[in-house]
2 protein chains.
Amino acid sequence: MYQYRHPHPSVTADIVIFTLQDEQLKLLLIKRAVEPYKGQWALPGGFVRMDEDLDAAARRELAEETGISGVYLEQLYTFGAVDRDPRERVITVAYYALIPSDRIVLQAATDADEAGWFAMDALPALAFDHPAIVDMARQRLVAKLDYSTIAFQFMPETFTLTELQRVYEAIRQEVLDKRNFRKWVLALDQIEETGEMKRDTASRPAKLYRVRDRERVDIIK
Amino acid sequence: MYQYRHPHPSVTADIVIFTLQDEQLKLLLIKRAVEPYKGQWALPGGFVRMDEDLDAAARRELAEETGISGVYLEQLYTFGAVDRDPRERVITVAYYALIPSDRIVLQAATDADEAGWFAMDALPALAFDHPAIVDMARQRLVAKLDYSTIAFQFMPETFTLTELQRVYEAIRQEVLDKRNFRKWVLALDQIEETGEMKRDTASRPAKLYRVRDRERVDIIK
């Protein structure tokens, strides 16, 4: 047992894990196997260990749920309303992560019955204050579209400009002008031609691009 | 004594309290009266109580240190490196607050020897990871200048356009063009003429303005 002179809260890290699939913005949810909210969908997350930094806790949860590492992960906001967990005082440091569409996998999560990707506009009822966390993550993502190249994080290794445009459209939920989009995105100087073409039966061959430096998410000024 | 099956961290709220004084961006520091870092300057802050929300904890700390309430306060980021406090695991939810220049006061802080306002470019050595917290707060403030009316929060009840321009210049640390600044700031439609003039001996009479709705910090889109 651990003893303290004053009561202490628990601290968790929860992650909103976004991806783009079928031209839709989706997020990963797990079905809770234990009380409270047993059987309900929730964001993946867990307790921050005493010997790990907050970012490390979020990365560990991400890896446990998806097997994925090395993707874009950012702290979102800390939620700490007194009654947000019916059991005890739990303060959660929320993160969001962006997974490229070609790296979507799922592993059996240790504390969940099931896990699945849900389109943002068809989310099930969520446990705890997770609806508020998801809302804020989505707002942050949309806001960042305007002044950063954050959306590039969703792209697979190589992609066409049309595919990139579809990603922006899916997040913004609006149709963009093709010519303006191409001009804008090429002027950012963040993607480069691979020299290869994408050829499928449905459309004309299109140039394949790649992100110049995937580690870097540039702030557009 | 409080007993837990697993070890628990402590959670604090620390606040970067900004104001503008003598055309300089300043922040409030307290001199620590207790170990660790006894005698060193630090951000005001303290433990989050089990029965108060995070924002409430930050507002309480702000009121205790400055006697001020009802000002702009925003959560900044949560800092939780394992070794950021030599005593125990302490995770701190950092906030920043903006104090109008006509409301600067100081009260004796309960856990501090002294308190004082320091110009951003003349800060003393700070305890803990507080230099990183201050850096991030300053970056957030500068970034927000571009897409919000956040700087209006620093203004006293009434002010001239020149005084407002000095505030922007102090935060950005650059000189702005008078005509462009006036055009831009009036087009935002967030301030209005009071009908009064400011008359002092040093300069020509100038129109006094006020913020139309101080509670609202508009995002400029």
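The values are calculated or read from the model by the stated rules, or taken from the named source; none is laboratory data. Remember, predicted model here, so these are calculated numbers, not experimental data. Cβ atoms come from the backbone with ideal geometry, glycine included; neighbour counts cover every protein chain shown. Surface accessibility is based on the protein's heavy atoms, side chains included, excluding ligands, DNA and RNA. Shrake-Rupley method; radii C 1.70, N 1.55, O 1.52, S 1.80 Å.
Observations on the structure shown:
- Chain B shape via C-alpha gyration tensor axes, a/c threshold 1.5: prolate
- Base-10 log of normalised Debye intensity for region B:150-211 (one unit scatterer per alpha-carbon) at q = 0.24, 0.30 Å⁻¹: -1.13, -1.44
- Local electrostatic count, A:ARG138, Cβ distance below 13 Å [Lys/Arg +1, Asp/Glu -1]: +2
- Charge sum, other residues only, whose C-beta stays under 10 Å from A:LEU76's C-beta, Lys/Arg counted +1 and Asp/Glu -1: -1
- Charges were assigned to the Cβ only: +1 to each Lys and Arg, -1 to each Asp and Glu. The resulting dipole of the protein assembly as shown about its Cα centre is roughly 1080 debye.
- With the simple model of a label 7 Å out from the Cα in the direction of the Cβ, A:GLN139 to A:ASP83 spans 2.2 nm.
- Comparing the full protein assembly with the isolated chain, the residues of region B:48-76 losing at least 40 square angstrom of accessible surface (1.4 Å probe) are B:MET50, B:ASP53, B:LEU54, B:GLN75.
- Rounded to the nearest 10 degrees, the inclination of helix B:178-187 to the longest alpha-carbon principal axis of chain B is 80 degrees.
- Spin-label pair A:ARG172-B:LEU186: with each label point 7 Å from Cα along the Cα-Cβ axis, the two points sit 3.2 nm from one another.
- Note on the protein assembly as shown: dipole from Cβ charges, positive end direction compared against A:LEU20, A:GLY195, A:ALA151; the farthest Cα belongs to A:GLY195.
- Solvent-accessible heavy-atom area per residue, rounded to whole Å², over chain B at 1.4 Å: 49
- Relative to the longest principal axis of the Cα atoms of chain B, the long axis of helix B:161-172 makes an angle of roughly 40 degrees.
- Counting protein heavy atoms only, region A:114-187 has 50 percent of its accessible area on carbon and sulfur, 1.4 angstrom probe.
- The Cα atoms of region B:28-98 give a gyration tensor whose axes a ≥ b ≥ c have a/c of 1.5 or more with a/b no greater than b/c, which makes the shape oblate.
- Separation of region B:7-48 and region A:170-202, taken as the distance between their Cα centroids, equals 47 angstrom.
- Total charge dipole magnitude, region B:10-146, about the Cα centre, Cβ charges on Lys, Arg, Asp, Glu only, Debye to nearest 20: 100
- Under 5 Å from the amide H of B:LEU76 lie the amide H atoms of B:ALA94, B:TYR95, B:TYR96, each residue being 5 or more positions distant or on a separate chain, with H modelled from the backbone and absent for Pro and chain starts.
- Residue-by-residue Karplus 3J(HN,Hα) for region B:54-69, coefficients 6.51, -1.76, 1.60, Hz, glycine and proline x: 4, 4, 5, 5, 5, 5, 5, 4, 4, 5, 5, 7, 10, x, 9, 9
- Label geometry 7 Å along the beta-carbon vector: A:ARG172 inter-copy distances in nm: 2.6
- Relative to the longest principal axis of the Cα atoms of chain B, the long axis of helix B:130-147 makes an angle of roughly 30 degrees.
- Using θ = phi - 60° and Karplus 6.51 cos²θ - 1.76 cosθ + 1.60, couplings along region A:87-99 (whole Hz; Gly, Pro as x): 7, 7, 6, 10, 9, 10, 8, 8, 10, 9, 10, 10, 10
- Annotation: amide H-H contacts under 5 Å for B:ILE17 (H modelled 1.01 Å from N, sequence separation of 5 or more, or interchain): B:LEU28, B:ALA97.
- Take the accessible area of chain B alone and of chain A alone, subtract that of the pair, and you get about 3000 Å² summed over both chains, using a 1.4 Å probe.
- Residue-count net charge about A:TYR96 - beta-carbon cut-off 14 Å; Lys, Arg +1, Asp, Glu -1: -1
- 14 Å Cα-Cα reach of A:LYS183 towards aspartates and glutamates, excluding residues that sit fewer than 8 places from it in its own chain: A:GLU192
- Rounded if a/c under 1.5, otherwise prolate or oblate - the protein assembly as shown, Cα gyration tensor axes: oblate
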